[in-house]
Amino acid sequence: QVYLEESGGGSVQAGESLTLSCVVTGSTFSDHAFGWFRRAPGKDQEFVAAISWSGGGKFYANTAKGRFAISRDNAKNTVYLQMNSLKPEDTAVYYCARASARYGSRRLNEYDYWGQGTQVTVSS
């Protein structure tokens, strides 16, 4: 069975930073792309960032571009999301997901396993 466990969420002030981690077990980690998504209160789940199997391909939602950075450590089976210059509108539950392929996607249905999420709250 494949498990994804997120950590690193919390409550911060606007302008501060957080780093989310996602530890993956039960999967051939290096064969898959991974993504981060988020769901804000009252909104649909939305794509944040994705990284390819090798780490060489990364792309971001426009809301994350220039502030967030996705990375992976294949030796530790871990995916990270470094979030800088956080804004109140970044408040959401953040989810890590495993793509069914080696290259990431913005589409939710191309991810086959999901973590339980970690709450990020940004106050002004």
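The values are calculated or read from the model by the stated rules, or taken from the named source; none is laboratory data. Because the structure is predicted, anything quoted here is derived from the model rather than measured. Ideal geometry is used to build each Cβ from the backbone, glycine not excepted, and the neighbour counts take in all protein chains shown. Side chains included, ligands, DNA and RNA excluded: accessible areas come from the protein's heavy atoms. Shrake-Rupley method; radii C 1.70, N 1.55, O 1.52, S 1.80 Å.
Over every pair of different alpha-carbon atoms in the range 70-124, take the mean of 1/r and invert it; report that Kirkwood radius in Å. By the Kirkwood definition, the hydrodynamic radius is 13.0 Å. The share of Cα pairs per 10 Å bin across the chain, counted from zero up to the longest distance, runs 15, 51, 29, 5, 0 percent. Straight-line cross-link reach from Lys87 at under 14 Å between alpha-carbon atoms covers these aspartates and glutamates, not counting any fewer than eight positions away in the same chain: Glu16. Could you list the residues of the range 58-74 with an amide nitrogen less than 20 Å from a label point located 7 Å from the Cα of Gln13 in the Cα-to-C-beta direction? Hits in the range 58-74 for Gln13 at 20 Å: none. Here's the picture: charge each Lys and Arg Cβ at +1 and each Asp and Glu Cβ at -1 in the chain, and of Ala64, Ser124, Phe37 the one pushed furthest to the positive end of that dipole is Ala64. Across the chain, the relative contact order, built from alpha-carbon pairs under 8 Å that are at least six residues apart, equals 36 percent. Residue by residue, the range 10-24 carries 3J(HN,Hα) couplings of x, 10, 9, 8, 4, x, 7, 10, 9, 10, 8, 10, 9, 9, 10 Hz when phi is fed to the Karplus relation 6.51 cos²θ - 1.76 cosθ + 1.60 (θ = phi - 60°); x denotes Gly or Pro. Once the Cβ-Cβ distance of Ala61 and Gln1 is raised to the sixth power relative to R0 = 30 Å, the FRET efficiency obtained is 0.55.
Dividing the alpha-carbon radius of gyration of the range 13-86 by the rule-of-thumb value 2.2 N^0.38 Å gives 1.13.
Placing +1 on each Lys and Arg Cβ and -1 on each Asp and Glu Cβ, with no other charges, gives the chain a dipole about its Cα centre of roughly 280 debye. The phi torsions of the range 48-62, fed into the Karplus equation with coefficients 6.51, -1.76 and 1.60 and a -60° offset, translate into couplings of 10, 7, 9, 9, 6, 4, 8, x, x, x, 9, 8, 9, 5, 4 Hz, rounded to whole numbers, with Gly and Pro shown as x. For the chain, the solvent-accessible area of protein heavy atoms averages 50 Å² per residue (probe radius 1.4 Å; ligands and nucleic acids excluded).
For Phe68, the amide hydrogen comes within under 5 Å of the amide hydrogens of Asn84, counting only partners 5 or more places away or on other chains and with H modelled in the peptide plane.
Along the range 106-116 the Karplus relation, 6.51 cos²θ - 1.76 cosθ + 1.60 evaluated at θ = phi - 60°, assigns HN-Hα couplings of 8, 8, 4, 6, 9, 10, 10, 9, 10, x, 7 Hz to successive residues, with x for each Gly and Pro.
Take the range 1-55, drop everything but the C-alpha atoms, weight them equally and run the Debye formula without solvent; then report log10 I(q)/I(0) at 0.17, 0.23, 0.30 Å⁻¹ to two decimals. For the requested q values the scattering log ratios are -0.72, -1.12, -1.28.
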